[in-house]
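Report on the following structure.
The values are calculated or read from the model by the stated rules, or taken from the named source; none is laboratory data. The shown structure was predicted, so the numbers you read here are calculated from the model rather than taken from an experiment. Cβ sites come from the backbone with ideal geometry, for glycine too, and all protein chains shown count toward neighbours. Each accessible area value is taken on the protein alone, full model and side chains, heavy atoms only, with ligands, DNA and RNA left out. Shrake-Rupley method; radii C 1.70, N 1.55, O 1.52, S 1.80 Å.
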Amino acid sequence: MAKPSSKAFSVLKNGIMKENPVLKMVLGMCPSLAVTTMARNGIGMGIAATFVLTGSNIVISFIRKIVPDKVRIPVFITVIAGFTTIVQMLLNAYLPDVYKELGIYIPLIVVNCIILARAEMFASKNGVGLSILDALGMGGGFTIALLIIGSVREILGAGTWMGLTLTKDIIDPAAIMILPPGGFLVFGFIIAVINKISVLKVRNKEISSGCGMNCEGCAGQSGENGGDAQ
Amino acid sequence: MREIVLIALGAILVNNFVLSRFLGICPFLGVSKKSSTAIGMGGAVIFVMTLASAVTWTVYRFFLEPNNLDYLQTIVFILVIAALVQFVEIVLKRFVPALFKALGIYLPLITTNCAVLGAALLNIERNYNLLHSVVFGLSAGIGFTLALILFSGIREKLEFCDIPDVFQGLPITFIAAALVSVAFTGFKGLFGI
């Protein structure tokens, strides 16, 4: 009993931590930057995408043995588009405010690369149970990433957070953070912080195991040396 | 005529698809390492976006809307774009092999480029007529290409810069993109758009 549940847990955790779709894999950038002017919008987008991801993972996992290999991508996209339409109609009916805020980025969930990537890499190879967990993990990771980006941008750019007034009255908010350039800037810095954390982790591991498998770091170092030589 | 010019300038400069709407970020980051690939991708996007705007507009106004099927918009549009990309690929391969060779590997990537679907959806949302839709698709593609080529020039220079370790790779790319985007916010308010 202990073994399958631990595998399920690791699948769930994988999407949130190790393979976080936005912060580690850098997938689905369009919505991550476009809707994160406010933390609340980030959560709304995250939940909508999680719903689509869960639905499409379930269906694709069910039909994975029937669908011929050659037409699988069009089939996947059709399934995803179906669920996107469902989300669009649900939001329009029950949460019209959120629907208005997110605008065309709701139908654009259909071309969010995270969802097709999980369909192709996970749901088409695994059973329904694990696919649901994978979708929840990845969706959760996506939502958390959007929440982080949205929170940073909202606090710096508007001085508020989720409707609470934080620093608005003390310092003038830097409005550029909620404008498009702020999206790129905040995301660049967040990735840099994550790089820093993982470099520290690798360094701790290196002491015990030689190469810490941080190939990116190695490539960066050699590039730097090359630059110096010139 | 004035309206057409405004639509074009709006899509190219003021509301640039990549830098102010965040549409098409994946190819923007993926193929902007070299100017030559940026030009190839840009050409393919301009081509497909113009065609897709015309075709999706026609399908929506003459098929979906009269039959009260507008809730199928997303599904139909993505399938139309996917089919269109395939079709363009086949036609180019057969009749204009030189262009096919130049655009070849970029064409399949365009299906999942949210800028194309975004342009198609915005055309409908804003009630453009066919001519306006085509102009909007064309200029959105030009705006995408402009951003891509400008940015690829910056990235080629970045290769020789001494960047702090943790900022190497993606972080500095995003920060450079932020600066290009700042430059484009300078167009806000131009011609009253």
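Miscellaneous remarks
- Relative contact order, whole percent, for the range B:2-192 stands at 43, derived from Cα pairs under 8 Å and 6 or more residues apart.
- FRET efficiency, B:F62 to B:L179 (Cβ-Cβ, R0 41 Å, nearest 0.05): 0.40
- The helix-based estimate of mean residue ellipticity at 222 nm for chain B, built from -39,500 (n - 2.57) per DSSP H run of four or more residues and divided by its residue count, is -22000 deg cm²/dmol to the nearest 500.
- Partners for A:K7 among lysines (Cα-Cα distance below 22 Å; same-chain residues under 8 apart left out): A:K18, A:K24, A:K125
- Karplus 3J(HN,Hα) series, Hz, for the range A:99-109 with 6.51 cos²θ - 1.76 cosθ + 1.60 (x for Gly, Pro): 4, 5, 4, 7, x, 6, 6, 5, x, 6, 4
- Solvent-accessible ranking of A:I176, B:I163, B:I81, largest area first, probe 1.4 Å: A:I176, B:I163, B:I81
- With all protein chains modelled, accessible area of A:T50 [1.4 Å, Å²]: 20 Å²
- Backbone phi angles across the range B:52-66, fed through the Karplus curve with coefficients 6.51, -1.76 and 1.60 (θ = phi - 60°), yield HN-Hα couplings of 5, 4, 5, 5, 5, 4, 4, 4, 5, 6, 9, 10, 6, 5, x Hz in residue order; Gly and Pro are listed as x.
- Whether the protein assembly as shown is rounded, prolate or oblate, judged on the alpha carbon gyration tensor where a/c under 1.5 counts as rounded: rounded
- One quarter of the convex hull surface built on the alpha carbon atoms of the range A:26-77 amounts to 4.4 nm², the projected area averaged over directions.
- Relative packing of B:43-54, B:135-146, A:5-16, which averages over residues the other C-beta atoms within 10 Å, highest first: B:135-146, B:43-54, A:5-16
- Within 10 Å of each Cβ in A:29-39, the average number of Cβ atoms from other chains: 4
- Per residue, chain A reaches -23000 deg cm²/dmol at 222 nm when only DSSP H runs of four or more residues are counted, each adding -39500 (n - 2.57).
- Looking at the protein assembly as shown, the accessible area is 48 square angstrom per residue; that uses a 1.4 Å probe and ignores ligands, DNA and RNA.
- Taking trypsin sites (Lys or Arg not before Pro) as exposed when DSSP calls them loop and at most 16 other C-beta atoms lie within 10 angstrom, chain B has its longest site-free stretch at B:35-125.
- 10 Å Cβ neighbours from other chains, averaged over peptide A:171-181: 3
- Given charges at beta-carbon only (K, R positive; D, E negative), |dipole| of chain A in Debye: 860 debye
- Distances between placed amide hydrogens fall under 5 Å for A:W161 paired with A:L166, all partners being 5 or more residues away or on another chain.
- Across the range A:7-176, the mean sequence separation of Cα contacts (distance under 8 Å, 6 or more residues apart), normalised by length, yields a relative contact order of 40 percent.
- Lysine pair count for chain B [Cα-Cα under 19 Å; pairs on different chains or 8 or more apart]: 4
- Along the range A:19-26 the Karplus relation, 6.51 cos²θ - 1.76 cosθ + 1.60 evaluated at θ = phi - 60°, assigns HN-Hα couplings of 10, 3, x, 8, 7, 9, 8, 6 Hz to successive residues, with x for each Gly and Pro.
- Å³ per residue enclosed by the Cα convex hull of the range A:7-176: 113 Å³
- Dipole magnitude of chain B, debye to nearest 20 (Cβ charges: Lys/Arg +1, Asp/Glu -1, about Cα centre): 320 debye
- Of the listed residues A:C113, B:C161, the order by accessible area with a 1.4 Å probe, largest first, is B:C161, A:C113.
- Distance between the modelled labels on B:R2 and B:L190, one decimal in nanometres: 1.9 nm (7 Å Cα→Cβ projection).
- Cα lying deepest toward the dipole's positive end in the range A:7-176, options A:L12, A:I66, A:G82, charges on Cβ: A:I66
- Gyration tensor verdict on the range B:1-149 (Cα atoms; rounded if a/c is under 1.5, prolate if a/b is larger than b/c, oblate otherwise): oblate
- Among B:W57, A:W161, the order of accessible area from largest down is A:W161, B:W57, computed with a 1.4 Å probe on protein heavy atoms.
- Annotation note: GluC sites (Glu not before Pro) in the range B:124-163 located in DSSP loop regions with a Cβ neighbour count of at most 14 within 10 Å are B:E159.
- Number of partner chain Cβ atoms within 10 Å, mean per residue of A:79-86: 3
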